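Below: the structure, in structure tokens.
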Amino acid sequence: MAKKKRKLPLVYQPVGFVLSWASGALAGYAFQQVWKAVRHEDDAPDALDRERGWGEILLAAAIQGAIFAATRRRPVVPSRWELPWSGA
């Protein structure tokens, strides 16, 4: 049986937007700090940067992808039936 996705009330939509924006800003800041630590440069290469080599561009993309995946990860929350104190 497939789970039905419950829709959140309208009140939670602005909260979700703010949290998404904040996590994106935090991910951008984290990427800049990691890039400074790895390459000792202030600016990371863009995908179309002709002055940088493929290795440097792919390294930046891999770091950015790893940080994106870490910020998009949803915490695993057990259902109420799986909790040890629920008596199930």
For a quick check of your reading of the model, give me the residue pairs whose first member lies in the stretch 33-44 and is free of Cβ contacts under 8 Å to residues at least 24 places away in the same chain, whose second is surrounded by 13 or more Cβ atoms within 10 Å (Cβ to Cβ) and not hydrophobic (A, V, I, L, M, F, W, C), with beta-carbon atoms closer than 7 Å and at least 6 apart or on different chains. Asp42/Lys36
Filter the stretch 31-65 down to the residues that are hydrophobic (A, V, I, L, M, F, W, C) and not in a helix (DSSP H, G or I), then identify the one that is surrounded by the fewest Cβ atoms within 10 Å (Cβ to Cβ). Leu48
Give the residues of the stretch 66-88 that are more than 24 Å from Leu26 (Cα to Cα) and either assigned to a loop (DSSP other than H, G, I, E, B) or modelled with pLDDT of 85 or more (or both), sorted by residue number. Pro78, Ser79, Leu83, Gly87, Ala88
Please specify each residue of the stretch 11-27 satisfying the condition of being of a type in the set (A, V, I, L, M) and open to solvent by 100 Å² or more (accessible area, probe 1.4 Å). Val11, Leu19, Leu26
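The values are calculated or read from the model by the stated rules, or taken from the named source; none is laboratory data. Quick caveat, the model's predicted, so the values are computed rather than measured. Cβ: placed from backbone, ideal geometry, glycine included. Neighbour counts: every protein chain shown. Surface accessibility is based on the protein's heavy atoms, side chains included, excluding ligands, DNA and RNA. Shrake-Rupley method; radii C 1.70, N 1.55, O 1.52, S 1.80 Å.
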